[in-house]
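Chemist: Would you mind keeping the following structure in view while I ask a few things?
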Amino acid sequence: ATDPGPDHTRWPADEAARHRAAGHWRGQTFGTLLTLLADAHRGRTAVVGRTGGRTQRWSFTELDDRAHRLAAGLHGLGVRAGDRVVLQLPNVPEFLPVVFALFRLGAWPVFALPAHRGSELRHFAERTGAVAILTVDAHERFDHAALAAAVAGDVASVRNAIVLDTGAGVDLGGAVGLADLYADPLDLPDPDPEGVAFLQLSGGSTGLPKLIPRTHDDYLYSVRESARICGLRRDSVYLAALPAAHNFPLSSPGVLGALHAGATSVFSPGPDADTAFALVESERVTITGLVPPLAAAWAQAAGRTARDLSSLEVVLVGGAKCGRELAARIGPALDCRLQQVFGMAEGLVNYTRLDDPDELVLTTQGRPISPDDEVRVVDPDDPLAPSDAEVAPGAEGALLTRGPYTIRGYYRAAEHNATAFTPDGFYRTGDLVRRGPTGHIEVVGRVKEQVNRGGEKVAPEEVEDHLMAHPGVLDAAVIGVEDEFLGERTCAYVVPVPGDEPPTGPVLRRFVRERGVAAFKVPDVVRVVEAFPVTGVGKTSRRELRRALRSGEH
Ligand code: J2J
């Protein structure tokens, strides 16, 4: 077995000192921030959302109080500083007090998405040695309580399944009810601001998603600046339309940016226009964030809605490339300002600025948050033996970045870290970009093995491994193919075991789904082929094979 690597690769001492001296890292934790916010904003509304059928509306004081009391309850269960807790909550208001309770304890939430299933949750729990899994009873007709119980049964480190009871009526088994955890507040020591606050998930390109350790200091900096760049004020209302655990609605500027500004966060149970428009109208939402296919759907629905959307001021679009044509439609259709955002859970986030000329807003994905974000655009030559030679200004190249809120290593992934970062600590984003004279970046493609399915990231290798677990499958390769709505969708090429009756596409799709994976990873199209194209002499690499299949698609 290889060395699992450290839990947290810190910044070199001299760089950390510079980030402190520049005022980027302020030595403040999320718990302390919430205390200050509660003092400053008290009875103003911090959170609005629905749990089951009930609408909840919590002030800053109430959010703070709930976070304190949940921290005490979790402490009573034995959750301690440095422990990992797999968190899988849909967009319910409880998301915020739970996350801040863990922040105050110094325990690390592992931000699973509602779409994740057994294979992903087991991986997160095993990889992190999580002590608990915290989820909802049921969501979109899926029994999360049963899944949590199964994962707790399978993974030895998981001592507790904690379930938010929304009244869905499923059996909670031996789970601890979240509502029963509220206890008298405890005096807890403040965690290290330069230590890990939580683990975010990478889109992944090789195998299962990697875990991303983010610190209080680095993440707070990106949240604070995002709130400013997106023009958040006390009277702003942010709608979390995408799943709040994702880095985009969490922090760009997201629910955390809204909190930071003393604004209100509204949790939308779903991202669809009908659900969201009702909330935009009733809560007078001023700002939200969408992936491009959703933005297109909203722009279309806005033309025929009876809802009053006039409160909307800014719509952020990111997660996948928003082409000029779609970009040009969004502002007029929703009568708001478009802000493009190109971010990544590993760190670097770029925004077009609210006072940028229209041309930049329509044709670029923005420029970095920080003057201290270092960006290099390098020769995308051989991804396995990169020269990292910088290209001419304005030319296309692979994006490398380093800075005050970009990680220096994935969690327990020494081997992967050796290639995911340059020797001097730049993160290889895997994105192909062009950078203009203003520093604005245009995303033109990617060098990483990943399919971006309308903002949802799929690692081909992960899906191939699931397909190859089928006894009738000899080999499989997954690539992205163009899709009118999603930008890309996944296509799996499958070579069946010779002689047998080959499995069909529908059988294989069901097989992958039933192995317990997020629905967005189930291949959209399956092509059963006799053999893969021969791609040169000798052993075919997966990368070469996928490249040959991609060129055959065009
Ligand atoms: C093209 N590709 C983009 C964009 C992300 C804000 C917004 C998005 C994310 C996110 C995020 C893109 N145009 N506008 O974390 O804080 C692709 C790139 C990138 C990868 C990161 C945030 N915006 N991408 O999407 O960690 O390939 O974060 O490297 O999920 O999404 O994915 P993820």
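The values are calculated or read from the model by the stated rules, or taken from the named source; none is laboratory data. Being a predicted model, the structure only gives us computed values, none of them experimental. Please note: Cβ atoms are built from the backbone with ideal geometry, for glycine as well, and neighbour counts cover all protein chains shown.
Chemist: Any residue in the stretch 327-352 that's more than 15 Å from the ligand (Cβ to nearest atom): show its pairings with residues that are of a type outside the set (A, V, I, L, M, F, W, C) and in a loop (DSSP other than H, G, I, E, B) at Cβ separation under 8 Å, as long as the two are six or more apart or on different chains.
Modeler: Filtered contacts from the stretch 327-352: ALA333/GLY303; ASP335/SER310; CYS336/GLU313; ARG337/GLU313.
Chemist: Of all residues in the stretch 186-207, which are under 15 Å from VAL110 (Cα atoms) and within 15 Å of the ligand (Cβ to nearest atom)?
Modeler: PHE198, LEU199, GLN200, LEU201, SER202, GLY203
Chemist: Take the residues of the stretch 402-448 that are surrounded by 15 or more Cβ atoms within 10 Å (Cβ to Cβ) and part of a helix (DSSP H, G or I): which is nearest to the ligand (Cβ to nearest atom)?
Modeler: It comes out as ALA420.
Chemist: Pick from VAL473, VAL495: which is farther than 24 Å from VAL151 by Cα, surrounded by fewer than 21 Cβ atoms within 10 Å (Cβ to Cβ) and of a type in the set (A, V, I, L, M)?
Modeler: On the way: VAL473 fails: surrounded by fewer than 21 Cβ atoms within 10 Å (Cβ to Cβ).
When all the criteria are applied, what remains is VAL495.
Chemist: Additional query: Looking at the stretch 175-204, which of the residues that are within 22 Å of GLU120 (Cα to Cα) and in a loop (DSSP other than H, G, I, E, B) is farthest from the chain's Cα centre (by Cα)?
Modeler: ALA175
Chemist: Follow-up question, since we're still on this one. Could you pull out the residue among SER252, SER268 that is within 15 Å of the ligand (Cβ to nearest atom), buried (at least 24 other Cβ atoms within 10 Å of the Cβ) and of a type in the set (Gly, Ala, Ser)?
Modeler: Of the residues listed, the single one that is within 15 Å of the ligand (Cβ to nearest atom), buried (at least 24 other Cβ atoms within 10 Å of the Cβ) and of a type in the set (Gly, Ala, Ser) is SER252.
Chemist: What pairs come up if the first residue lies in the stretch 541-554 and is at pLDDT 85 or above, the second is of a type outside the set (Asp, Glu) and assigned to a helix (DSSP H, G or I), and their beta carbons are under 9 Å apart, counting only those six or more places apart or on different chains?
Modeler: ARG542/PRO460; ARG546/PRO460
Chemist: Please tell me if GLU484 is among the acidic types (Asp, Glu) and within 16 Å of the ligand (Cβ to nearest atom).
Modeler: Judged against the criteria, GLU484 is not a match.
Chemist: Separate question: Look at the stretch 379-401 and say how many of its residues are among the hydrophobic types (A, V, I, L, M, F, W, C) and within 15 Å of the ligand (Cβ to nearest atom).
Modeler: Our first condition is that a residue be among the hydrophobic types (A, V, I, L, M, F, W, C); within the stretch 379-401, this holds for 384-385, 389, 391-392, 395, 398-400.
Checking the rest, the ones that are also within 15 Å of the ligand (Cβ to nearest atom) come to 398-400.
Looking only at that region, the number is 3.
Chemist: Got a number for residues in the stretch 9-59 being modelled with pLDDT of 95 or more, assigned to a loop (DSSP other than H, G, I, E, B) and surrounded by fewer than 19 Cβ atoms within 10 Å (Cβ to Cβ)?
Modeler: Residues that pass the stated criteria total 11.
Chemist: Could you run through the stretch 38-57 and say how many residues are under 16 Å from ALA258 (Cα atoms) and within 25 Å of the chain's Cα centre (by Cα)?
Modeler: 4
Chemist: Hey, can you tell me all the residues within the stretch 233-249 that are within 15 Å of the ligand (Cβ to nearest atom) and farther than 18 Å from ARG50 by Cα? Walk me through how you get there before you give the answer.
Modeler: Of the stretch 233-249, the ones within 15 Å of the ligand (Cβ to nearest atom) are 238, 240-249.
Within the stretch 233-249, HIS246, ASN247, PHE248 qualify.
Chemist: List the number of the failed condition for GLY78; all other conditions in (1) small (Gly, Ala, Ser); (2) surrounded by fewer than 22 Cβ atoms within 10 Å (Cβ to Cβ); (3) touching a Lys or Arg at 6+ places or on another chain (Cβ under 9 Å); (4) without any contact (Cβ under 8 Å) to a residue 40 or more places away in the chain hold.
Modeler: (4)
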